[in-house]
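The structure appears below as structure tokens.
The values are calculated or read from the model by the stated rules, or taken from the named source; none is laboratory data. What you see is a predicted model, and the numbers here were worked out from it, not measured in a lab. Don't worry about glycine lacking a Cβ; one is built from the backbone with ideal geometry, like all the others, and counts go over all protein chains shown.
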Amino acid sequence: MKDRFNLYRFASPATFYPLAGTLIPYFAAIAVLFGIAGLYLGMLVAPTDFQQGEGYRIIFIHVPASWMSMFIYLVMAFWAAIGLAFNTRLSGMMAQALAPTGALMAFLSLWTGALWGKPMWGTWWVWDARLTSELILLFLYIGYMALTAAIDDPRRADKAGGLLLLVGVVNIPIIYFSVKWWNTLHQGSSVNLTKSSMATTMLYGMLLMAMCFWMYSIAVALMRVRTIMLERERNADWVKAELAGDVQ
Amino acid sequence: MIYWNSFADFLHMGGYGFYVWGSFGVTALIMAVEPILVARNRKTTIARLKRQLRAESRTPTE
């Protein structure tokens with residue numbers, strides 16, 4: 001069975017690098033397609049909301065950005081755990097590549113939330129459980145980036161950053177369940193697996209936008225991880241061969 | 001089945017135009033600028049690594 005497909009092969013930067021390069025345009029194209037479909041449904045077709053009027057349309061970016069901000073953090077924590085347990089090189093690079101995009105998603109979640117809160121609640125910001133825990137998530141991203149940037153040796157930076165990520169992961173269920181555990185101004189979840197309180201076009205518009213944000217994040221993170229790979233593996237033969245060729 | 005009667009209606013967003021377009025505008029801006037910054041960083045990194053590689057190959061090491 002020597003030709004058996006081996007997933008572990010892709011854990012090596014030398015094989016992952018070209019694979020990521022091939023995949024980026026596809027993820028970018030799929031993101032654009034999902035984005036067009038989601039915006040069409042959400043902004044042009046979906047009816048108005050009987051309580052919030054047209055202001056509810058912020059949901060089509062607020063919810064996808066919030067989901068991604070939490071999901072990207074979980075993925076980073078997953079890579080941190082793998083890196084700490086097996087001492088794999090690629091995992092630290094993956095976490096490093098995801099962090100800025102995760103931070104931007106957390107920022108967008110707060111930004112669109114403020115613009116939604118002002119007309120609906122009468123305030124840009126309240127120190128409510130949901131909002132505060134999302135702000136802490138943004139600080140965790142910034143803290144991770146600052147900490148890893150402050151340590152010169154990348155492997156040690158990965159270890160320290162990984163610990164921070166694993167400790168901070170406790171914040172994710174707090175964000176997610178905050179609207180259940182505490183009385184908050186923030187509304188409860190509009191979508192769950194069994195039933196949804198939204199009109200069908202609204203729901204599909206939002207899910208399409210979530211797919212768009214997901215594919216976008218993958219594309220940008222893969223772009224970033226390829227640069228990190230070249231930088232960190234610059235003494236490896238495959239990078240030297242890559243740089244000697246006509247690298248894009 | 002387009003929900004809006006006119007383009008002006010669409011922009012007005014039932015009076016929530018500032019909030020809706022403020023959200024979508026900043027999101028669009030970030031999603032346009034982030035890939036550009038990543039691509040630019042990639043270019044400068046590759047140029048620097050190439051320079052370093054050339055410098056290393058000029059100075060023979062044992």
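Total residues in the stretch A:170-192 satisfying the condition of being of a type in the set (A, V, I, L, M, F, W, C) and in a helix (DSSP H, G or I): the figure is 6.
Considering the conditions (1) in a helix (DSSP H, G or I); (2) at pLDDT below 95; (3) within 14 Å of chain B (Cβ to nearest Cβ), A:Leu138 is excluded by exactly one of them, (2).
Look at A:Leu115 and say whether it is within 24 Å of A:Ile58 (Cβ to Cβ), within 23 Å of the chain's Cα centre (by Cα), of a type in the set (A, V, I, L, M, F, W, C) and more than 14 Å from every other protein chain (Cβ to nearest Cβ). No: the conditions fail for A:Leu115.
Determine, yes or no, whether A:Met198 is modelled with pLDDT of 90 or more, more than 12 Å from chain B (Cβ to nearest Cβ) and farther than 30 Å from B:Asn41 by Cα. Against the criterion (modelled with pLDDT of 90 or more, more than 12 Å from chain B (Cβ to nearest Cβ) and farther than 30 Å from B:Asn41 by Cα), A:Met198 does not qualify. Test A:Val167 against the stated conditions and say whether it is part of a helix (DSSP H, G or I), under 19 Å from the mean Cα position of the chain (by Cα) and surrounded by fewer than 16 Cβ atoms within 10 Å (Cβ to Cβ). It is true that A:Val167 is part of a helix (DSSP H, G or I), under 19 Å from the mean Cα position of the chain (by Cα) and surrounded by fewer than 16 Cβ atoms within 10 Å (Cβ to Cβ).
Just one of the listed residues (B:Ser57, B:Ser23, B:Ser6) is within 7 Å of chain A (Cβ to nearest Cβ) and either of a type in the set (A, V, I, L, M, F, W, C) or free of Cβ contacts under 8 Å to residues at least 60 places away in the same chain (or both), and it is B:Ser23. Six or more apart or on different chains, Cβ atoms under 7 Å: show the pairs whose first residue is in the stretch A:200-223 and part of a helix (DSSP H, G or I) and whose second is of a type in the set (Asp, Glu) and surrounded by fewer than 22 Cβ atoms within 10 Å (Cβ to Cβ). Close Cβ pairs satisfying both conditions: A:Val220/B:Glu34. Residues considered: A:Ser69, A:Ser91. Of these, the only one that is modelled with pLDDT of 95 or more, out of contact with any strand residue (DSSP E or B) (no Cβ under 6 Å at 6 or more places or on another chain) and either in a helix (DSSP H, G or I) or among the acidic types (Asp, Glu) (or both) is A:Ser69.
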